[in-house]
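In what follows, a structure is listed as structure tokens, so that the remarks can point back to it.
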Amino acid sequence: MTTQKMREILKILERDAHAAPDQIAALTGLPEEEVRRQIQAWEESGIIRRYKTVIDWEKFGEEKVFAFIDVKVTPARGVGFDDVAERIYRYPEVHSVYLVSGTQDLRCVVEGRTIKEVADFVAQKLATIDRVNSTSTHFLLKKYKDDGDIFAESEADHRLMVTP
Amino acid sequence: MTRPEKREDASPGRRPCKPLNTVIANCPPSGIRRFFDIAQQMENVISLGVGEPDFVTPWRIREAGIWSLERGYTTYTSNSGLLDLRQRICAHLNRRYGADYDPVSECLITVGVSEGLDLALRVVLNPGDEVLVPEPCYVSYAPCVEFAGGVVVPVKTDACDGFRLHAERVAAAITPRTKALLFGSPANPTGATQSRADLQALVDLAVAHDFYLISDEIYDRLTYVGQHTCLGTLPGARERTVVLNGFSKAYAMTGWRVGYVCAPEPITTLMTRVHQYTMLCASHLAQLAAIEALDNAEPDVEEMVADYDRRRRFFVQGLNRIGLDCYEPRGAFYAFPSIRRSGMRSEEFAERLLMEERVAVVPGSAFGPSGEGHVRCSYATALPLLEEALERMGRFMRRPAPDRLDKGEAPALRISSGLGAGQGA
């Protein structure tokens with residue numbers, strides 16, 4: 001299978017985790033069996049890590065609070081920032097942790113049910129970790145676009161029914 | 001569908017006017033248009049009848065349009081169009097196809113390919129000149145030839161060889177009055193593309209018999225198999241070829257109405273003359289947006305083309321599975337399957353499919369008599385809708401014909417009258 005075809009399959013799955021092998025086969029013009037084998041190989045090798053669903057929880061009626069927390073850390077010899085990052089990302093309420101350039105070192109996304117819950121987490125868990133010097137918390141007010149998905153009504157189809 | 005009564009005509013004492021232009025009055029309205037009127041009034045219709053991208057213009061291009069409005073670019077441009085844009089177009093054609101057109105004297109910005117086509121025919125034709133047009137073909141070709149005073153000579157193409165435009169068939173239709181050959185590759189409605197060798201054979205014919213070539217290349221970027229050939233780059237073609245292209249399909253910019261023609265200086269000069277008196281210039285806003293398209297929208301184009309290609313494979317395979325035999329369309333975003341197994345004519349098929357299963361397709365006969373036996377389905381439609389359409393069409397095909405007739409569901413709305421009549425020839 002060519003690299004281009006592989007990329008095509010991955011892109012289809014990235015956009016729609018639900019796409020079945022027979023459908024992908026039709027879309028790419030590859031034999032279904034080959035697609036099935038390839039996907040399985042990727043699942044085993046970890047190129048496909050898992051399949052997830054993008055959910056608009058707000059629309060569902062569930063209140064969730066997110067905060068971006070920038071953390072300043074004193075790096076340590078031998079481990080840099082890694083050990084502190086690990087202590088942070090092991091908490092299930094932490095959505096993501098990145099090492100970033102600039103005045104802060106780690107940028108975390110933390111999820112909670114209330115502002116108080118997130119604030120408590122920061123004050124009691126995050127800020128008290130050794131070598132964490134400071135935190136600055138930005139609560140998320142509105143989500144416009146996340147991971148490539150736009151959280152607004154999609155643009156209507158303004159085309160006429162039949163055109164030349 | 002109720003038409004407003006023309007009360008004025010009946011009012012007493014009204015004096016008759018002289019008849020309007022006979023060529024135009026005798027030209028039947030587009031078969032597509034009639035079909036549209038019906039489909040538009042129905043609900044829950046999946047339309048495969050749309051001849052334009054289902055993408056909205058990429059945001060960066062729209063943003064450039066907004067910016068140009070904010071900056072007050074609301075004036076005329078030069079008749080030929082913005083030189084910045086013409087330079088980019090010529091560079092783009094050179095980079096992609098090796099074409100060599102001078103932006104100053106051999107490129108003109110038009111209000112879509114439609115205007116370019118009209119201009120080309122007007123400057124090429126004298127009254128009574130014949131234009132060879134392969135059939136089935138885009139609905140506007142024949143009327144535009146007639147409006148320009150020309151006579152259409154159809155050249156039949158067939159599904160069995162992927163609607164190849166045979167030089168022998170073209171040669172057989174040549175007469176001393178033959179002035180031009182007008183065709184598109186990739187083509188609407190068939191999705192067919194012509195090979196470089198076949199195109200060269202057509203160029204050789206044009207040289208041998210001294211006629212012009214008008215090449216509609218609006219679907220050039222939507223070529224999925226092989227490479228597109230810009231006709232003007234073939235040996236012998238340049239001095240007698242008008243290349244028509246635009247931004248509508250590749251950049252999903254149909255509503256912006258911006259296209260271009262590239263042709264040798266003598267032809268471009270005359271086309272510019274008509275354009276400067278009839279149109280003045282293409283929309284300034286659209287021209288600025290087109291510059292952004294050429295500068296920065298290549299990744300968007302590639303993304304859209306890849307998406308069409310996936311749907312093309314999926315949809316054509318689906319059509320063949322449900323008994324609508326379809327050769328592989330290599331370009332554009334149309335499948336043009338045969339409806340032979342249904343035992344119906346294309347108008348009846350399209351009409352019943354719309355009434356019984358609420359799927360709108362365009363009868364092949366709208367694209368000329370040799371389009372009979374086919375329907376045009378656009379796969380520029382979201383994948384889930386294509387799946388649903390295939391489902392409905394499959395159900396339609398499985399239903400035995402007598403059953404369809406016995407149900408007594410005579411369609412309330414008749415659309416066959418005049419549908420497709422006179423299109424294309």
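Bear in mind these aren't lab numbers, they're just calculated from the coordinates by the rules spelled out. All figures in this text were calculated on a predicted structure; none of them were measured in a lab. Glycine also receives a Cβ, built like all others from the backbone with ideal geometry; neighbour counts cover every protein chain displayed.
So what is the calculated 222 nm ellipticity per residue for chain B, using -39500 (n - 2.57) for each DSSP H run with n of 4 or more, over all residues, to the nearest 500 deg cm²/dmol?
Per the formula, -12000 deg cm²/dmol.
With the convex hull built on the Cα atoms of chain B, state its orientation-averaged projected area in nm². Numbers along the way, then the final one.
On the way: hull surface 90.5 nm².
Here the figure is 22.6 nm², rounded to one decimal.
Given Cα positions, please report Rg to Rh for region B:59-296, the hydrodynamic radius being the Kirkwood one. Walk me through the numbers before you get to the answer.
Values: Rg = 17.3 Å, Rh = 17.9 Å.
That ratio equals 0.96.
Please list, in order, the residues from region A:10-49 whose amide nitrogen is less than 11 Å from a point placed 7 Å along the Cα→Cβ vector of A:Ile55.
Nothing falls inside the zone, counting backbone N under 11 Å.
Rounded, prolate or oblate: which one fits region B:230-337, using the alpha carbon gyration tensor with axes a ≥ b ≥ c (rounded when a/c is under 1.5, else prolate when a/b beats b/c, else oblate)? It would help to have the intermediate numbers written out before the result.
Values: a/c = 2.48, a/b = 1.68, b/c = 1.47.
Since a/c reaches 1.5 and a/b is larger than b/c, the shape of region B:230-337 is classed as prolate.
Given the rule -39500 (n - 2.57) for each run of at least 4 DSSP H residues, summed and divided by the residues of chain A, what is its mean residue ellipticity at 222 nm, to the nearest 500 deg cm²/dmol? Don't skip to the answer; put the middle values down first.
Values: 6 runs with 53 residues, N = 164.
After summing the helix terms and dividing by the residues of chain A, the value is -9000 deg cm²/dmol.
Quick one: which residues, 5 or more positions from A:Leu30 or on another chain, have an amide H under 5 Å from its amide H? H modelled 1.01 Å from N in the peptide plane, none for Pro or chain starts.
When sequence neighbours closer than 5 places are left aside, there are no close amide H contacts.
Taking the Cα atoms of region A:3-45, what is the range of coordinates along each of the three principal axes, in descending order and whole Å?
In descending order, the Cα extents are 24, 21, 20 Å.
Going by a ≥ b ≥ c, the root eigenvalues of the Cα gyration tensor, does the protein assembly as shown fall in the rounded group (a/c under 1.5), the prolate group (a/b larger than b/c) or the oblate group? Kindly include the intermediate steps, with their values, before the conclusion.
Values: a/c = 2.03, a/b = 1.68, b/c = 1.21.
It is prolate, given that a/c is not under 1.5 and a/b is the larger ratio.
For chain A, modelled as a Gaussian network with Cα springs under 10 Å, which listed residue fluctuates most, A:Arg15, A:Arg90, A:Arg37?
Sorting by GNM fluctuation, first place goes to A:Arg37.
I'd like the FRET efficiency for B:Tyr277 and A:Val79, computed as 1/(1 + (r/R0)^6) with the beta carbon distance as r and R0 of 60 Å, rounded to 0.05.
Details: r = 77 Å, r/R0 = 1.28.
Once rounded, the FRET efficiency stands at 0.20.
Which residues' amide hydrogens lie under 5 Å from the amide hydrogen of A:Val73, considering only partners 5 or more residues apart or on another chain, with H built in the peptide plane?
When sequence neighbours closer than 5 places are left aside, the close amide H contacts are A:Asp105, A:Leu106, A:Asn133.
Using per-residue counts of other Cβ atoms within 10 Å, averaged over each peptide, order A:63-70, A:3-10, B:269-276, B:257-264 from highest down.
Working: A:63-70: 16.0, A:3-10: 14.4, B:269-276: 18.2, B:257-264: 25.4.
Those peptides, ordered most packed to least, come out B:257-264, B:269-276, A:63-70, A:3-10.
Which FRET efficiency, nearest 0.05, do A:Ala156 and A:Gln4 yield, Cβ-Cβ r, R0 30 Å?
Details: r = 33 Å, r/R0 = 1.11.
With a Förster radius of 30 Å, E is 0.35.
Tell me whether region A:1-94 comes out rounded, prolate or oblate; compute the Cα gyration tensor, take square roots of the eigenvalues as a ≥ b ≥ c, and use a/c under 1.5 as the rounded threshold.
Details: a/c = 3.60, a/b = 1.69, b/c = 2.13.
Oblate is the answer for region A:1-94, as a/c is 1.5 or above yet b/c matches or exceeds a/b.
If Lys and Arg each add +1 and Asp and Glu each add -1, what is the summed charge of the other residues whose beta carbon sits under 12 Å from the beta carbon of B:Ile66?
So the surrounding residues net to 0.
What is the list of residues in region B:34-58 whose amide nitrogen lies under 20 Å from a point 7 angstrom out from the Cα of A:Lys145, following Cα to Cβ?
Answer for this model: B:54-58.
Under 20 Å from a label point 7 Å along Cα→Cβ of B:Ala91: give me every residue in region B:291-309 with its amide N that close.
Counting only backbone N, you get B:291-302.
Would you work out which of A:Ser136, B:Ala148, B:Val111 lies farthest towards the positive end of the dipole of the protein assembly as shown? Charges go on Cβ: Lys and Arg +1, Asp and Glu -1.
Final value for the positive-end residue is B:Ala148.
Straight-line reach from A:Lys142: which aspartates and glutamates fall under 20 Å, measuring Cα to Cα and dropping same-chain residues less than 8 apart?
Excluding near neighbours in sequence, the set is A:Asp56, A:Glu58, A:Glu62, A:Glu63, A:Asp70, A:Glu93, A:Glu111, A:Glu117, A:Glu153, A:Glu155.
Using θ = phi - 60° and the Karplus form 6.51 cos²θ - 1.76 cosθ + 1.60, what ³J(HN,Hα) does each residue of region A:112-128 get, whole Hz, x for Gly and Pro?
x, 8, 9, 4, 4, 4, 5, 4, 4, 4, 5, 5, 8, 9, 6, 5, 8
Under 24 Å from the Cα of A:Lys5, which lysines turn up, not counting those fewer than eight places away in the same chain?
A:Lys52
Which of the lysines could a cross-linker bridge to A:Lys72, judged by Cα under 17 Å and excluding same-chain residues fewer than eight apart?
Correct list for A:Lys72: A:Lys125.
Cut-off is 10 Å between beta-carbons; in what order do B:Trp67, B:Trp256, A:Trp57 appear when sorted fewest neighbours first?
Details: B:Trp67 14, B:Trp256 25, A:Trp57 11.
By the 10 Å Cβ count, ascending, the order reads A:Trp57, B:Trp67, B:Trp256.
Any idea how far apart A:Gln40 and A:Ile129 come out in nm if each label point goes 7 Å out from Cα toward Cβ?
4.0 nm
What are the extents of the Cα atoms of region A:57-141 along their three principal axes, in Å, largest first?
47, 24, 20
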